[in-house]
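Below is one structure; the comments refer to it alone.
The values are calculated or read from the model by the stated rules, or taken from the named source; none is laboratory data. Source: prediction; values computed, not measured. Cβ: placed from backbone, ideal geometry, glycine included. Neighbour counts: every protein chain shown. Surface accessibility is based on the protein's heavy atoms, side chains included, excluding ligands, DNA and RNA. Shrake-Rupley method; radii C 1.70, N 1.55, O 1.52, S 1.80 Å.
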Amino acid sequence: RSRVLAETVADSLGLQVRLGRPNAPRSELVRVVRVSRSAPAGVYRLSRNEDGSYSAAVVEDGTGPVPGRIVPGRAFELGGATLALVERPEDGPAEELVIEVRTFREAVEELRSDLTISRPDLDAQIVSVDYRSTDPALAAGVPNALAGNFIRYKTRGSQSELTNTVEFLRQQVEGYDRELRSAETELREFRESAQVLSIPDQASKQVKRLAQLQARRDEINSVRQA
């Protein structure tokens, strides 16, 4: 339900661009290449010429120059949006298209209002995503994009947690390594100062400490590698 995810979906699917006319799925006639989040609102009319190209005119609000000639299949600019007309639409070319470019804020707010997120069963890790649109492609595309972005977001979070855990365990291993080297040095110095072959109680304790440190270090290393 977060706004950040809604913004990501609106951005990736170019929801700032809406096809006002004809009443058809946007993807059948217009391909959104990219849209600037700062693109101003505007409504544009594209009229088909005899040679199959289109002429553009501002209907409402739009700022900036409009292209003089639009060729299907080639990218063109309308305000802050880069679009391309589908070269060979299944139902044939439209004689007129009305394209609306909305502000990013408007697109995100509309997406959030048309989106319903619920958990049918609180004991199950299942989320229901419901999105209503008159455009069949977007009706399917929005829930899929939302789910995909949510999974990537959660995965990045899990990876970050694992990275922190590995770093903590690495520091633990280094700490035990230092203790181990110190214990080995103490044991060696004790043997040299005592000048005995048999291991007295003090040396026995040192050997036991060494074994414990080595076991703990090996255990942490195994966890860190896993």
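So, of the residues in region 74-89 that are open to solvent by 10 Å² or more (accessible area, probe 1.4 Å) and among the small types (Gly, Ala, Ser), which turns out to be nearest to residue 25 (Cα to Cα)?
Checked region 74-89; the qualifying residue nearest to residue 25 (Cα to Cα) is 75.
Give all pairs with beta carbons closer than 9 Å in which a residue from region 1-29 that is farther than 19 Å from residue 127 by Cβ and of a type in the set (Ser, Thr, Tyr) meets a residue that is open to solvent by less than 30 Å² (accessible area, probe 1.4 Å) and in a loop (DSSP other than H, G, I, E, B); count only pairs at least 6 apart in sequence or on separate chains.
Sorted first by the residue in region 1-29, then by its partner, the pairs are 27/135.
I need a count of the residues in region 1-44 that are of a type in the set (Val, Ile, Thr) and open to solvent by 70 Å² or more (accessible area, probe 1.4 Å).
Of the residues in region 1-44, 1 are of a type in the set (Val, Ile, Thr) and open to solvent by 70 Å² or more (accessible area, probe 1.4 Å).
Just checking, which of 151, 117, 126 is among the aliphatic types (A, V, I, L, M) and either closer than 30 Å to residue 42 by Cβ or assigned to a strand (DSSP E or B) (or both)?
117
Being over 22 Å from the mean Cα position of the chain (by Cα), without any contact (Cβ under 8 Å) to a residue 40 or more places away in the chain and surrounded by fewer than 21 Cβ atoms within 10 Å (Cβ to Cβ): is that true of residue 47 here?
Details: over 22 Å from the mean Cα position of the chain (by Cα): yes; without any contact (Cβ under 8 Å) to a residue 40 or more places away in the chain: no; surrounded by fewer than 21 Cβ atoms within 10 Å (Cβ to Cβ): yes.
So residue 47 fails the test.
Taking the residues in region 187-226 that are under 13 Å from residue 172 (Cβ atoms) and touching a helix residue (DSSP H, G or I) at 6+ places or on another chain (Cβ under 7 Å) as candidates, determine which candidate is modelled with the lowest pLDDT.
224
Return the total of residues in region 138-153 being among the hydrophobic types (A, V, I, L, M, F, W, C) and open to solvent by 50 Å² or more (accessible area, probe 1.4 Å). Give the derivation first.
Within region 138-153, the subset among the hydrophobic types (A, V, I, L, M, F, W, C) is 138-140, 142, 145-147, 150-151.
Still in the list and also open to solvent by 50 Å² or more (accessible area, probe 1.4 Å): 140, 150-151.
Here the count works out to 3.
Inspect all residues belonging to region 171-187 and state whether any of them is touching a residue at least 60 places away in the same chain (Cβ under 8 Å) and open to solvent by 50 Å² or more (accessible area, probe 1.4 Å).
The answer is no; no qualifying residue exists.
Can you pull out every residue in region 50-73 that is open to solvent by less than 50 Å² (accessible area, probe 1.4 Å) and closer than 11 Å to residue 101 by Cβ?
Scanning region 50-73 gives a single hit, 62.
Just wondering, is there one or more residues in region 50-60 that are modelled with pLDDT under 90, among the hydroxyl-bearing types (Ser, Thr, Tyr), part of a strand (DSSP E or B) and touching a Lys or Arg at 6+ places or on another chain (Cβ under 6 Å)?
no
For region 74-131, give me each residue that is over 15 Å from residue 19 (Cβ atoms) and aliphatic (A, V, I, L, M).
Hits for region 74-131 are 75, 108, 111, 115, 117, 122, 124, 126, 127, 129.
Which number in (1) within 11 Å of residue 15 (Cβ to Cβ); (2) of a type in the set (Asp, Glu); (3) open to solvent by 40 Å² or more (accessible area, probe 1.4 Å) marks the one condition that residue 135 misses?
(3)
Report yes if residue 108 is in contact (Cβ under 8 Å) with a residue 40 or more places away in the chain, touching a strand residue (DSSP E or B) at 6+ places or on another chain (Cβ under 6 Å) and in a helix (DSSP H, G or I), otherwise no.
Considered against the rule, which asks whether it is in contact (Cβ under 8 Å) with a residue 40 or more places away in the chain, touching a strand residue (DSSP E or B) at 6+ places or on another chain (Cβ under 6 Å) and in a helix (DSSP H, G or I), residue 108 comes out as no.
Residue check: is residue 113 open to solvent by 50 Å² or more (accessible area, probe 1.4 Å), closer than 20 Å to residue 12 by Cβ, among the hydroxyl-bearing types (Ser, Thr, Tyr) and without any contact (Cβ under 8 Å) to a residue 24 or more places away in the chain?
Criteria met by residue 113.
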